[in-house]
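I have placed the structure first, in the form of structure tokens, so that the comments after it can refer back to it.
What follows is calculated from the coordinates using simple rules that are stated; it is not laboratory data. These numbers were taken from a predicted model, which means no experiment stands behind them. Note: ideal-geometry Cβ built from the backbone for every residue, glycine included; neighbour counts use all protein chains shown.
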Amino acid sequence: MTLEGIDGSGKSSVAAALRRELPRCLPEKSFIFTAEPTESDEGRILRAHLTQGYGEGDAARAMKMEELFLFLADHARHLAERVAPSMARGEIVISDRYSDSTAAYQGVTLKEIVPDPLMWIREVSEPWNVKPDLTLLFILPPELALERLEARPGKERFERLDFLKEVDQNFRRLKELEPDRFVLLDASRPAEQVENRALERIANLIEDSS
């Protein structure tokens with residue numbers, strides 16, 4: 001199961017609440033909570049990338065492609081070292097960001113480099129990716145997301161209104177492609193209500209599949 005949404009949508013706060021509440025609500029289940037980018041070598045390089053500019057011309061295009069493949073490599077390692085082994089043990093994996101974030105964000109970054117980058121990125125990862133059973137998509141107006149981000153230390157290159165608007169549209173497009181997997185959550189509601197709604201949807205799916 002995965003949590004997705006634009007920066008500032010509150011999914012990381014919900015992830016923390018789920019980490020606290022799910023084991024209490026479902027003590028007979030074993031949970032693994034994780035996130036992307038990971039703490040791997042690829043993930044650390046990515047975090048450094050996200051605070052830098054791209055430059056211009058051919059160098060910018062090369063850097064954007066490098067960034068995409070770092071995301072894909074980080075995701076592949078995440079699958080191999082964390083997700084797949086946990087699933088094999090019967091544990092329930094909940095990830096704060098996953099491959100959909102790579103498609104949604106890099107789908108904007110690469111829009112002048114490859115045709116229909118959202119679909120291109122999905123096709124590249126399709127043969128080896130593991131699809132989540134459920135994806136909670138936190139929907140928030142990008143303007144409000146930026147207001148929330150003002151309180152955060154540091155700034156990543158994605159934290160721009162025009163960029164987040166396009167990412168939001170990409171997430172909505174992913175929802176249209178797989179309507180049964182995605183569940184929309186109104187992230188503009190009070191935090192406790194969003195947390196309770198997320199907990200309810202995940203708990204219901206687990207109980208229905210037991």
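Annotations
- By average C-beta atoms within 10 angstrom, highest first, the peptides 172-185, 7-20: 7-20, 172-185
- The C-alpha atoms of the chain define a longest principal axis, and helix 191-209 lies at about 70 degrees to it.
- Net lengthening on full extension, Asp133/Arg160 (0.36 nm per residue, minus Cα-Cα): 6.6 nm
- Mean separation of Cα pairs under 8 Å and 6 or more residues apart, divided by the residue count, gives the chain a relative contact order of 33 percent.
- For Lys11, the lysines whose Cα falls under 21 Å of its own Cα, not counting residues fewer than eight places away in the same chain, are Lys131, Lys155, Lys165, Lys175.
- Net lengthening on full extension, Ser12/Ser30 (0.36 nm per residue, minus Cα-Cα): 4.5 nm
- For Arg61 and Arg201, the FRET efficiency from 1/(1 + (r/R0)^6), where r spans their Cβ atoms and R0 equals 45 Å, is about 0.70.
- Treating each Cα of the range 51-203 as an identical point scatterer and summing with the Debye formula, the log10 of I(q)/I(0) at q = 0.08, 0.15, 0.21 Å⁻¹ comes to -0.26, -0.94, -1.55.
- Simple point charges give the picture: +1 on the Cβ of Lys and Arg, -1 on the Cβ of Asp and Glu, and for the chain a dipole about the Cα centre of about 320 debye.
- Applying 1/(1 + (r/R0)^6) with R0 = 35 Å to the Cβ-Cβ distance of Arg172 and Ala88 gives a FRET efficiency near 0.60.
- Relative contact order of the range 59-177: 27 percent, from C-alpha pairs under 8 Å at least 6 residues apart in sequence.
- Estimated distance in nm for a label pair at Asp180 and Ala151, the labels positioned 7 Å out from Cα along Cα-to-Cβ: 3.9 nm
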